[in-house]
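Everything below concerns the one structure shown next.
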Amino acid sequence: MVDTSVILSGIKLDNPIIPASGTFNFGKEFTEFYDINCLGSLVTKGITKEPRIGNELPRIAECKAGMLNSVGLQNLGVDEVINSQFGQLKTYFKKPVVANISGFSIEEYAYVTSKIAPLEQVGIIEVNVSCPNVKHGGMSFGTDKDNLAKVVRAVREKTSKPIFIKLSPNVTNISELAVTCKENGADGISLINTLLGARIDIKTGKYILANKFGGYSGYGIFPVAVRMVAEVYNATKLPIMGMGGVSCAEDVIELMLAGATAVQTGAINLVNPLASKEIIDNLPKLCEKLGINKLSDIIGMANK
């Protein structure tokens with residue numbers, strides 16, 4: 001029998017499949033389709049200090065191999081998220097979750113961490129320094145080494161729980177930034193976030209997104225994800241939550257061979273609400289076919 005479990009910063013996951021932030025909300029909507037406790041874990045919707053209504057509409061644009069989004073971190077704000085959404089979460093999901101946080105200053109990252117970290121349900125904190133859809137925040141922290149170091153140190157001071165930094169692929173040297181994270185106290189890396197893209201309506205000559213530019217996700221970015229996961233694995237040897245265009249069990253195996261310990265599913269959840277469960281169901285069969293007895297044995301194998 002295939003052992004699909006993995007250990008992610010000391011937390012045992014039954015399998016490596018974790019729906020990504022922004023594609024699964026807090027999971028409640030998906031309980032109508034299946035028991036989400038089959039997941040390894042889940043990543044919450046991005047949480048900020050203050051409530052955010054997000055960017056103007058339209059903020060979704062389809063592409064041939066994925067989609068663009070410019071949602072803009074819409075959420076209820078950390079206090080209401082704790083009171084309402086985390087309160088409900090414990091009634092239908094029994095495993096530790098990954099809490100995704102973001103901010104518009106170093107102080108905001110630290111503040112949100114201080115509020116979220118004490119929650120029993122939170123096993124890992126994922127620090128989003130790579131959102132391309134907001135002004136004066138997000139990606140501006142993740143593309144500058146000095147700012148990145150300050151964010152990591154500020155969050156590290158507020159919690160002893162594992163922190164994973166979600167990095168942007170919109171850079172020239174992802175390994176350099178990952179090393180900065182490691183040197184300043186990060187326990188792991190999440191990558192890749194969306195690539196910056198745009199669509200224009202040729203009938204009107206105007207950008208489809210109100211924000212003009214947005215984050216490109218979906219299968220088109222998968223080869224970029226494989227390359228960057230491998231680079232960061234080789235540069236840091238930190239545990240990695242890999243993501244970017246994952247849509248099937250074969251993609252999970254490929255990202256783990258590149259160096260991922262866990263694999264997040266993103267845009268595919270919006271296309272097929274059963275996608276994450278189907279991947280979990282198919283993983284043992286694929287492992288048997290490939291002669292893999294223990295899934296954790298293949299982490300980073302392609303780099304050895």
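The values are calculated or read from the model by the stated rules, or taken from the named source; none is laboratory data. This one's a predicted model, so the numbers in the text were calculated from it and none came from an experiment. Here Cβ is always computed from backbone atoms with ideal geometry, including for glycine, and neighbour counts include all displayed protein chains.
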For the range 23-52, give me each residue that is touching a Lys or Arg at 6+ places or on another chain (Cβ under 6 Å) and within 17 Å of Ala267 (Cβ to Cβ). Asn25
Of the candidates Asn15, Asn55, the one satisfying the condition of being at pLDDT below 95 and either among the aliphatic types (A, V, I, L, M) or not in a helix (DSSP H, G or I) (or both) is Asn55
Looking at the range 264-282, can you tell me whether even one residue there is in contact (Cβ under 8 Å) with a residue 24 or more places away in the chain, more than 22 Å from Gly27 (Cα to Cα) and either of a type in the set (D, E, K, R) or surrounded by 15 or more Cβ atoms within 10 Å (Cβ to Cβ) (or both)? no
If I ask for residues that are over 18 Å from Ile116 (Cα atoms), among the β-branched types (Val, Ile, Thr) and part of a loop (DSSP other than H, G, I, E, B), which ones from the range 18-49 would you list? Thr23
Looking at (1) more than 30 Å from Leu290 (Cα to Cα); (2) in a loop (DSSP other than H, G, I, E, B), which is the only condition Ala61 fails? (2)
How many residues, within the range 160-186, are hydrophobic (A, V, I, L, M, F, W, C), part of a strand (DSSP E or B) and under 14 Å from Gly142 (Cα atoms)? 2
For the range 49-81, how many residues meet the condition of being farther than 22 Å from Thr194 by Cα, among the β-branched types (Val, Ile, Thr) and surrounded by fewer than 17 Cβ atoms within 10 Å (Cβ to Cβ)? 0
Can you pull out the residues in the range 2-54 that are of a type in the set (S, T, N, Q), within 14 Å of Gly123 (Cβ to Cβ) and touching a helix residue (DSSP H, G or I) at 6+ places or on another chain (Cβ under 9 Å)? Thr44
Within the range 85-102, track down each residue that is over 27 Å from Val246 (Cα atoms) and part of a loop (DSSP other than H, G, I, E, B). none
Residue that is at pLDDT 95 or above and among the hydroxyl-bearing types (Ser, Thr, Tyr), where the choices are Ser175, Ser168: Ser175
Just to be sure, is Ile82 in a strand (DSSP E or B) and within 30 Å of Lys150 (Cα to Cα)? no
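One line per residue, one yes/no per condition, for (1) among the hydrophobic types (A, V, I, L, M, F, W, C); (2) under 29 Å from Lys294 (Cα atoms):
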residue	(1), (2)
Asp14	no, yes
Ile17	yes, yes
Ser21	no, yes
Glu29	no, no
Phe33	yes, yes
Asn37	no, yes
Leu42	yes, yes
Glu50	no, no
Gly54	no, no
